[in-house]
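A.B. asks: Pasting in a structure now, in structure tokens, and then I'll have a few things to ask.
The values are calculated or read from the model by the stated rules, or taken from the named source; none is laboratory data. All values derive from a computational prediction rather than experimental measurement. When we count neighbours, we look across all protein chains shown, and the Cβ atoms used for this are built from the backbone with ideal geometry, even at glycine.
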Amino acid sequence: MPSKTIFRVHPTLNVARFGTSDDYILAPETAAGAREADGVTIGGLPIKAGTENELVTSSDLRDAGGHLKKQAARFRLFWYDFDGTARYPGGDGSEVVIGTKLPDGRKVVDLVWTVHLANKKAAAYNVVNNLGIKAYADGQVPQRRNPEVHGEVDSPSRLNQLMIDAGPRAISAASGQSAKFDNATTPSAGNGQGAIESFPDYPVRFPADVNDTLFEPTGPLDTLGEIWTDDKGRLIVLPSIGNAVGQYDEYDVPIQITGDLNNVGWYDAASDGPVSVTLQFDDGTTETAFGAWVNCCDPGYAPQIRNVVSTWDDVYDTWVRELGLQPDLFGPKSGYNPDYEPVFDQDIKPIFGAAAQQRWTANLPEMALRSHTAVDAIDETHEPNKTIMAGLNFIRNPNADETNIGTPLMPLSLGEAGTSFLTVSKTQYFMLAQWSRNKFQTGPGRVFGPGEQLDIAALTNCLGGRYVPGIEFSYIVRSVDIYIQDWQTTGAGPFRVKHKPLDYSKADEDTPFLTGGWIPLHGMTDGLEPGDLSKFMAIPWQTDYNSCSIHQTLINTNGVNESNGAASTLYWSWPSQRPDAVYVAEEVVNNVLPAQRWSIRGPGTYAVNPASAATFQNPLQSIEQWDRIGIVMQGSNIDIEDRSFSPKLFLEVQGQLTAPGDASDPVAQWPFNANPSKKERG
Amino acid sequence: MNRHRNSFHKARQRRKGLGRRQAASTGKPSSTKLTADQWDIAHLRSHLQAAVDLEFWTLPFYLSAMYSIKDRSSDAYQLIRTVVNQEMLHLQSASNIANAYGLSPTFAAPKYEGTNIPHLDFSGDDLDEIDKFKPYTATIGALDLEHVNAMCLIEIPEYLTGETGDLNENVTEYGSIGAFYDALRYGASLLTDHLHGGVKQVDFFSAYYRGMPSLKVIDDGADGFDQVSLLIDLITDQGEGATKEDETVLPAFQNTADDVAPELDHFDKFLAIKDAKELPETFKGGGSGDQLQQILVSEFTDLRAALEHLFGGGNPQQFFPVMASVGGAIRNCWENGVSPRFS
């Protein structure tokens, strides 16, 4: 096949994060935990608005009024020379901006971007925390959220009442357009030929349309965000303020928040949806790129702290084992190639580094700190058998029945639904095992193209493994059905969510345009609608973020302790992504670390039971004050007046829950325990 | 894991009738008894060093058995793991007591030969009870009947302990570990003038034992002795249980974090392994792997040095990594068909 030029949007999956300010910063384009070219800076830091890649400092995180800035997602377009078979990594790709001249001589004169954001959480199924994706197995589905609203999941009556759908918005980069995802802006979409069509009859849905009054503790939920382009024509997706609103009951009392995951009568302003772009050239021709997906969700409270298992690790593992990503690594019949040589700096070091970073967001004992430091000190010159990781003696094997074995196996954080403890992915474990057998490469390793690097970075900065239900994405990132599976022959490339074709010309003001949408394990392969990713997350998002600090393992295993330790022992839920214990920058003197403090602390957080430490005791407070939680950041990017901090330190900055010197619940050294249950007390 | 807990408790029932009766009037080898007046600080310190040696001896022996088990989720693996953790606690406790009496312990390489288990002398015992745990071996090896028998014998209850111990000139002259610790406690009580709390005390375990008032000796004199006595109780109770045969480990001495059966003493845990339907599958040693053995010897040598540094008042940054590395090196030997070697 003769080669042709194709176009892809990157990152394939990108994340915009809530903030209460009108100002914004840009989502990081480097991976958490990875050392940057300067040898000092650790990746994962967001980027200053209006810059190519100038990293934020601590004073960039809030506006002058103290409000947390939003984190906008930036999408870029790349062209590729495609010969009929895509490989991974391709190592190629060049960015396309307004004015780019392609090898065939055509010059880009406009980029028409279309984004569609929706939130189906309230209309979707419950998150089942001890089953996870298995709740969809064998033709089953979980109970619907808001079951008092009559109808099936696709019923127009339910969707009209429970779904938030702002509809699509299209903008021309050359015209400098922008568009808001609110009720006052007419939906529009690119027609694939470079033009934008309006759809005034599109059935936009917001909670206020069907509720006379709503409890709005932080303002009305009347937008899901906004889009515009930068001066190069790249797409910027700004999320909403991440607020939540609740219905009133028949006594005109706001419906009480009764749980963490599936609150009845509540909406939040999370959203997700497809991103597509049409290129217009100076010769009048147009081309359509392989699109992407944007997800608007929780803030990144510790952007540089890498999850030992990130969303990237899960997505990569899925693609390696199920979608033929790297035949030299894994074959459908032969399995992992025993001769495959992982690259130390790319495949091994990130896992070791992530372990060492856990200390900045969790209350680890000295034993762990020193051991993790030794793990992180391993480099490519070391003989594996002479290191602390010899024989992978302390790594939980995902291929064995070890998910209920806690200490001393790592990672020691909580596992996914139905399991006590987390495991690295099977591909991560294979890489580690190869290294352990002295079968690995040193040096720079595989070459990734700039777009491929953006894909990795965006997902590395998200939580993996413990999708109960997760923070940015849930377990469905491991479902091959959500992706474009013929990625090699179509040129789409890997990790690209399949867009369900949507014909907006059929939109009718009275009928919900979107359906209940895609669900896993039901053979649905026609693609995802807007809102089909975020609907698997908690509603409202704040209550889940708040509660998922520390738990007993039995929370995952039907209330029965299946672990090899005390039922009351507490473990971390999402320690990298949802900081538990932190060091406060203002309390660090001369780079000497003070005692840790809970990330969520101060009035309203005092816990009688250690199991609920580091949380707002009243979930409503989490809805009102989530933006006051501090951000953990590398010392070299902290700009507190007259102070300097070592780049070795990662400290909480810009916290507003307590003032320096305020007392707060002390942080216990791990292991620590929940109070005995009523049954145990007798 | 939880599903197996009931079976652990059954072991306690089977334990009834087992155990050694210390024979006051049988043919135990003659020893050099000391009176309270003859007992001095040098005697006490030699006994304290022996206590450290004894606890240290168990670590490679138990660890080698544990890491030989292929299935890390097996009951046997998990039970031995919890015992190993407590042996480390005992090592810390014995060392803290030693430092309180002015001795920073040393850590010589233990010897594993024949059936020579330190402080086990069955000549004065009811041989019928002892015979239940034969054959046994004191050599390093995979978990098999001989090793699990040895592990039971090391921790076998001594029901007549709890009385004032006989003081011996020579630490090798005690017929049992229980008798040895009885003597140690009694001998320590005689020399409280030499007891100084807060000296080179180490605590890495208090978060795992939320019920323990203290794992350090922090006071001088009589108050300090109460703390010494508490640590000896901790060692003996976790090891062989309280002096009455059906009692579980006292709540204060029970692990509160990561023990699959915190109420069971070491003897009951090992008895549960012995009495299980079958022993777990193990790796086979004996293969050629001199390099892996050398790595283990090197790591273990480093660990001994780190322990001396630690209990000598230092703060070796590499202590935990070295300790962990020893475990990895043992496992690595087994997985590659090589028997562990420590010196």
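A.B. asks: Sort through A:Ala356, A:Ala377, A:Ala400 and tell me the only one that's surrounded by fewer than 21 Cβ atoms within 10 Å (Cβ to Cβ), within 14 Å of chain B (Cβ to nearest Cβ), aliphatic (A, V, I, L, M) and within 25 Å of the chain's Cα centre (by Cα).
C.D. replies: After applying the criteria, what remains is A:Ala356.
A.B. asks: Could you list, in sequence order, all residues of the range B:306-341 that are without any contact (Cβ under 8 Å) to a residue 12 or more places away in the chain, in a helix (DSSP H, G or I) and away from chain A (no Cβ under 11 Å)?
C.D. replies: The one that is without any contact (Cβ under 8 Å) to a residue 12 or more places away in the chain, in a helix (DSSP H, G or I) and away from chain A (no Cβ under 11 Å): B:His309.
A.B. asks: Let me ask something additional. Quick one: is A:Trp574 away from chain B (no Cβ under 14 Å), in contact (Cβ under 8 Å) with a residue 60 or more places away in the chain and either in contact with a Lys or Arg (Cβ under 8 Å, 6 or more places away or on another chain) or outside any loop (DSSP other than H, G, I, E, B) (or both)?
C.D. replies: In short, yes.
A.B. asks: Among residues belonging to the range A:359-374 that are facing another protein chain (nearest Cβ under 9 Å) and not in a loop (DSSP other than H, G, I, E, B), point out the one that is surrounded by the fewest Cβ atoms within 10 Å (Cβ to Cβ).
C.D. replies: Among residues in the range A:359-374 that are facing another protein chain (nearest Cβ under 9 Å) and not in a loop (DSSP other than H, G, I, E, B), the one surrounded by the fewest Cβ atoms within 10 Å (Cβ to Cβ) is A:Glu366.
A.B. asks: Among the candidates B:His9, B:His90, which residue alone is more than 14 Å from chain A (Cβ to nearest Cβ), modelled with pLDDT under 95, within 30 Å of B:Asp144 (Cα to Cα) and not in a loop (DSSP other than H, G, I, E, B)?
C.D. replies: B:His9
A.B. asks: Looking for whichever is polar (S, T, N, Q), touching a residue at least 60 places away in the same chain (Cβ under 8 Å) and not in a helix (DSSP H, G or I) here; the options are B:Thr106, B:Thr115. Which one fits?
C.D. replies: B:Thr106
A.B. asks: Within the group A:Asp260, A:Asp283, A:Asp268, which residue is more than 21 Å from A:Met163 (Cβ to Cβ) and either of a type in the set (S, T, N, Q) or within 22 Å of the chain's Cα centre (by Cα) (or both)?
C.D. replies: Going through A:Asp260, A:Asp283, A:Asp268 in turn, just one is more than 21 Å from A:Met163 (Cβ to Cβ) and either of a type in the set (S, T, N, Q) or within 22 Å of the chain's Cα centre (by Cα) (or both): A:Asp260.
A.B. asks: Oh, and also: Given the conditions (1) touching a helix residue (DSSP H, G or I) at 6+ places or on another chain (Cβ under 7 Å); (2) more than 14 Å from chain B (Cβ to nearest Cβ); (3) not polar (S, T, N, Q), report the number of the one that A:Trp435 does not fulfil.
C.D. replies: (2)
A.B. asks: Another question, if that's okay. How do the strands (runs of 3 or more DSSP E) wholly within the range A:218-310 filter down when requiring 3 or more residues that are of a type in the set (S, T, N, Q) and in contact with a Lys or Arg (Cβ under 7 Å, 6 or more places away or on another chain): which remain?
C.D. replies: Counting at least 3 such residues, we get no strands (runs of 3 or more DSSP E) at all.
A.B. asks: Out of A:Asp222, A:Asp209, report the one residue that is of a type outside the set (Lys, Arg) and surrounded by fewer than 16 Cβ atoms within 10 Å (Cβ to Cβ).
C.D. replies: A:Asp209
A.B. asks: Out of all the residues in the range A:623-682, which are farther than 30 Å from A:Ala538 by Cα and β-branched (Val, Ile, Thr)?
C.D. replies: Listed by number, the residues that qualify are A:Ile638, A:Ile640.
A.B. asks: Then there is this: Output the residues belonging to the range B:115-145 that are over 18 Å from the mean Cα position of the chain (by Cα) and modelled with pLDDT of 95 or more.
C.D. replies: Across the range B:115-145, the qualifying residues are B:Pro135, B:Ala142, B:Asp144, B:Leu145.
A.B. asks: Do you know which of the residues in the range A:175-197 that are in a strand (DSSP E or B) and over 29 Å from the mean Cα position of the chain (by Cα) is nearest to A:Ile227 (Cα to Cα)?
C.D. replies: A:Ile196
A.B. asks: Taking the range A:403-430, which residues are touching a Ser or Thr at 6+ places or on another chain (Cβ under 7 Å) and within 8 Å of chain B (Cβ to nearest Cβ)?
C.D. replies: A:Asn404, A:Ile405, A:Gly406
A.B. asks: Can you find a residue that is in the same structural domain as B:Ser64 (by TED's automatic domain parsing), under 26 Å from B:Ala76 (Cβ atoms) and aromatic (Phe, Trp, Tyr) anywhere in the range B:256-273?
C.D. replies: yes
A.B. asks: Being under 21 Å from the mean Cα position of the chain (by Cα) and in a loop (DSSP other than H, G, I, E, B) is the filter here; which residues of the range A:521-555 pass it?
C.D. replies: Listed by number, the residues that qualify are A:Gly527, A:Glu529, A:Pro530, A:Gly531, A:Asp532, A:Leu533, A:Met537, A:Ala538, A:Pro540, A:Cys548, A:Ser549.
A.B. asks: Among the listed residues B:Leu230, B:Leu234, identify the single one that is part of a helix (DSSP H, G or I), touching a Ser or Thr at 6+ places or on another chain (Cβ under 8 Å), aliphatic (A, V, I, L, M) and free of Cβ contacts under 8 Å to residues at least 60 places away in the same chain.
C.D. replies: Checking each option against the conditions leaves just B:Leu230.
A.B. asks: Would you point out which residue out of B:Lys269, B:Lys274 is charged (D, E, K, R), on the phi < 0 side of the Ramachandran plot, buried (at least 23 other Cβ atoms within 10 Å of the Cβ) and not in a loop (DSSP other than H, G, I, E, B)?
C.D. replies: Of B:Lys269, B:Lys274, the one residue that is charged (D, E, K, R), on the phi < 0 side of the Ramachandran plot, buried (at least 23 other Cβ atoms within 10 Å of the Cβ) and not in a loop (DSSP other than H, G, I, E, B) is B:Lys269.
A.B. asks: Sticking with this structure for a sec: Can you pull out the residues in the range A:648-676 that are touching a residue at least 24 places away in the same chain (Cβ under 8 Å), farther than 19 Å from A:Pro579 by Cα and away from chain B (no Cβ under 14 Å)?
C.D. replies: A:Asp662
A.B. asks: Which condition from (1) under 25 Å from A:Ile42 (Cα atoms); (2) touching a Gly at 6+ places or on another chain (Cβ under 7 Å) is the one that A:Thr403 breaks?
C.D. replies: (1)
A.B. asks: Might you check whether a residue that is more than 24 Å from A:Leu261 (Cβ to Cβ) and among the acidic types (Asp, Glu) occurs anywhere in the range A:622-637?
C.D. replies: No, there is no match, as no residue in the range A:622-637 is more than 24 Å from A:Leu261 (Cβ to Cβ) and among the acidic types (Asp, Glu).
A.B. asks: Tell me yes or no: at least one residue of the range A:129-140 is surrounded by fewer than 16 Cβ atoms within 10 Å (Cβ to Cβ), out of contact with any helix residue (DSSP H, G or I) (no Cβ under 8 Å at 6 or more places or on another chain) and in a loop (DSSP other than H, G, I, E, B).
C.D. replies: yes
A.B. asks: Quick test of your reading of the structure: A:Gln453 fulfils all but one of (1) touching a strand residue (DSSP E or B) at 6+ places or on another chain (Cβ under 9 Å); (2) part of a loop (DSSP other than H, G, I, E, B); (3) more than 11 Å from chain B (Cβ to nearest Cβ). Name the failing condition by number.
C.D. replies: The failed condition is (2).
A.B. asks: Here are B:Leu59, B:Leu143: which of them is touching an Asp or Glu at 6+ places or on another chain (Cβ under 8 Å) and either crowded, with 24+ Cβ neighbours inside 10 Å or in a helix (DSSP H, G or I) (or both)?
C.D. replies: Only one candidate qualifies: B:Leu59.
A.B. asks: Looking at (1) surrounded by fewer than 24 Cβ atoms within 10 Å (Cβ to Cβ); (2) under 15 Å from the mean Cα position of the chain (by Cα), can you tell me which one A:Asp230 breaks?
C.D. replies: For A:Asp230, the exception is condition (2).
A.B. asks: Which count do you get for residues in the range B:260-279 that are farther than 15 Å from B:Asn149 by Cα and either among the small types (Gly, Ala, Ser) or within 14 Å of chain A (Cβ to nearest Cβ) (or both)?
C.D. replies: Count: 5.
A.B. asks: Please determine whether any residue of the range A:157-165 is surrounded by fewer than 21 Cβ atoms within 10 Å (Cβ to Cβ), charged (D, E, K, R), within 23 Å of A:Trp266 (Cβ to Cβ) and touching a residue at least 12 places away in the same chain (Cβ under 8 Å).
C.D. replies: no
A.B. asks: Within the range B:281-292, take every residue that is surrounded by 18 or more Cβ atoms within 10 Å (Cβ to Cβ) and within 13 Å of chain A (Cβ to nearest Cβ) and give me the one that is farthest from B:Phe204 (Cα to Cα).
C.D. replies: Once the filter is applied, the top-ranked residue is B:Gly289.
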